[in-house]
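Peer 1: Take a look at the following structure, please.
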Amino acid sequence: MKKIFLCIYFCLLFSCAGYEPLFSTKNLSFYIEGIKNVNNDVITKKISKNLNSDKLKSENKNIYTLEIESNLKNNISSKDSKGDPLTFNMTINVKVKVFDEKSSLPINILRFSKSVNYNNQSNKFNLNEYKETIKENLANKISQEILIGIQSL
């Protein structure tokens, strides 16, 4: 009986192999020719890496150049009675200037902001690892929003 359930489970699991993300790079109407990082920080590099996928140039695609500037703020949200921090607030602000291939002035300036609250931990190593995970997740979300914003131009 268990073998039958396992076979059905694996058949259902492997039958979903045709999954494709909604904003895949195949159906974009633009091509990002270059990305300039204004401040050379981790968040800007992560966003640039997410946007620098292997897109092929095509005749019918708009060609854009991006200039990305990011800002990270890490604030204490609340403290306990001793004055030790209990919760933190991390905010990432990103400004993207979109340049067309024909003009030197930006055709659009996109602004994105994401924030998250998280609790303090007694183990500082785990806290730093958690902060890095939060930064990476927020950068991924902002990268997706940048693609959506450019697609709507």
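The values are calculated or read from the model by the stated rules, or taken from the named source; none is laboratory data. Not measured: the values here are computed from a predicted model. Cβ sites come from the backbone with ideal geometry, for glycine too, and all protein chains shown count toward neighbours. For the accessible areas, the whole protein counts, side chains as well, though only heavy atoms, and no ligand, DNA or RNA atoms are used. Shrake-Rupley method; radii C 1.70, N 1.55, O 1.52, S 1.80 Å.
Yes or no, residue by residue, for (1) aliphatic (A, V, I, L, M); (2) over 25 Å from residue 41 (Cα atoms):
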residue: 82; (1), (2): no, yes
residue: 93; (1), (2): no, no
residue: 105; (1), (2): yes, no
residue: 134; (1), (2): yes, no
residue: 148; (1), (2): yes, no
residue: 152; (1), (2): no, yes
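Peer 1: Another question, if that's okay. Would you be able to tell me the number of residues in segment 110-144 that are open to solvent by 60 Å² or more (accessible area, probe 1.4 Å) and not in a strand (DSSP E or B)?
Peer 2: Within segment 110-144, the first condition is being open to solvent by 60 Å² or more (accessible area, probe 1.4 Å), and the residues that meet it are 111, 113, 115, 117, 119, 121-126, 128-130, 132-133, 136-137, 141, 144.
Filter again for not in a strand (DSSP E or B), leaving 121-126, 128-130, 132-133, 136-137, 141, 144.
Result for segment 110-144: 15.
Peer 1: Can you name the condition, by its number, that residue 148 falls short on among (1) in contact (Cβ under 8 Å) with a residue 24 or more places away in the chain; (2) open to solvent by less than 50 Å² (accessible area, probe 1.4 Å)?
Peer 2: Every condition holds for residue 148 apart from (2).
Peer 1: Only one of 80, 41, 54 is of a type outside the set (Ser, Thr, Tyr) and modelled with pLDDT of 90 or more. Can you tell me which?
Peer 2: On the way: 41 fails: modelled with pLDDT of 90 or more; 54 fails: modelled with pLDDT of 90 or more.
The match here is 80.
Peer 1: OK, next. Kindly list, by first and then second residue, each pair from a residue in segment 61-74 that is assigned to a loop (DSSP other than H, G, I, E, B) and at pLDDT below 90 to a residue that is surrounded by 15 or more Cβ atoms within 10 Å (Cβ to Cβ) and not acidic (Asp, Glu), limited to pairs with Cβ atoms under 8 Å and residues at least 6 apart or on different chains.
Peer 2: 61/28; 61/30; 61/31
Peer 1: To continue, here is another question. Residue pairs, Cβ under 8 Å, 6 or more apart or interchain, first in segment 88-109 and part of a loop (DSSP other than H, G, I, E, B), second open to solvent by less than 40 Å² (accessible area, probe 1.4 Å). List them.
Peer 2: 101/63; 101/64; 105/99
Peer 1: Within segment 110-134, track down each residue that is touching a Ser or Thr at 6+ places or on another chain (Cβ under 8 Å) and basic (Lys, Arg).
Peer 2: 114
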